[in-house]
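Here's the structure, in structure tokens; my notes come after.
The values are calculated or read from the model by the stated rules, or taken from the named source; none is laboratory data. None of the values given here were measured: they were computed from a predicted structure. So basically every Cβ, Gly included, is an ideal-geometry build from the backbone, and we count neighbours across all protein chains shown.
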Amino acid sequence: MAGKAQALQLLVLLAISLDSAARGAHAICNMSNGDFRLCQPAAAVADPTDSPSAECCAALGNADLACICRYRGVAGFWMRIYHIDAARAMALPAKCGLAMPANCS
């Protein structure tokens, strides 16, 4: 009986963790899952918008752009999930009037 109770507790903990992740509770470079989604239309692989939304620019304004530069080379997995074009994504800060770090080319 104790084994079933522990398994149930583990299952509940896993469900809570997954729910938190789905709600964007975890952030990368000070951007939540929701923040990344705000910028997706302007960096989309197909049919991108001409410019990022004000909400996207606000999210990028709060982001750690140096951190984003460090993730740029290993972000292929996330780019595919969100259907994001890497070149368009890296151009978003400039379109929002933000300066990328000098060593981010």
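May I ask you to list pairs of residues, at least six apart or on different chains, whose Cβ atoms are under 8 Å apart, with the first in the range 82-105 being free of Cβ contacts under 8 Å to residues at least 12 places away in the same chain and the second being part of a loop (DSSP other than H, G, I, E, B)?
Every condition considered, the pairs that remain are A94/M100.
Just checking, does the range 15-28 include any residue being modelled with pLDDT of 90 or more, in a helix (DSSP H, G or I) and over 11 Å from L92 (Cβ atoms)? Walk me through how you get there before you give the answer.
If we filter the range 15-28 for residues that are modelled with pLDDT of 90 or more, which is where we start, we get none.
No: zero hits.
Take the residues in the range 50-67 that are among the polar types (S, T, N, Q) and either in contact (Cβ under 8 Å) with a residue 40 or more places away in the chain or surrounded by fewer than 14 Cβ atoms within 10 Å (Cβ to Cβ) (or both); name whichever of them is farthest from N103 (Cα to Cα). Let's see the steps before the verdict.
From the range 50-67, those among the polar types (S, T, N, Q) are 51, 53, 62; that's our starting set.
Among the residues that remain, those that are also either in contact (Cβ under 8 Å) with a residue 40 or more places away in the chain or surrounded by fewer than 14 Cβ atoms within 10 Å (Cβ to Cβ) (or both) are: 51, 62.
Values: S51: 24, N62: 19 Å.
By that ranking, first place goes to S51.
With the requirement that a residue be under 13 Å from the mean Cα position of the chain (by Cα), more than 18 Å from S53 (Cα to Cα) and either exposed (fewer than 15 other Cβ atoms within 10 Å of the Cβ) or among the aromatic types (F, W, Y) (or both), what does the range 75-104 give you?
If the condition is that a residue be under 13 Å from the mean Cα position of the chain (by Cα), more than 18 Å from S53 (Cα to Cα) and either exposed (fewer than 15 other Cβ atoms within 10 Å of the Cβ) or among the aromatic types (F, W, Y) (or both), then G76, F77, W78, R80, I81 are the ones that fit.
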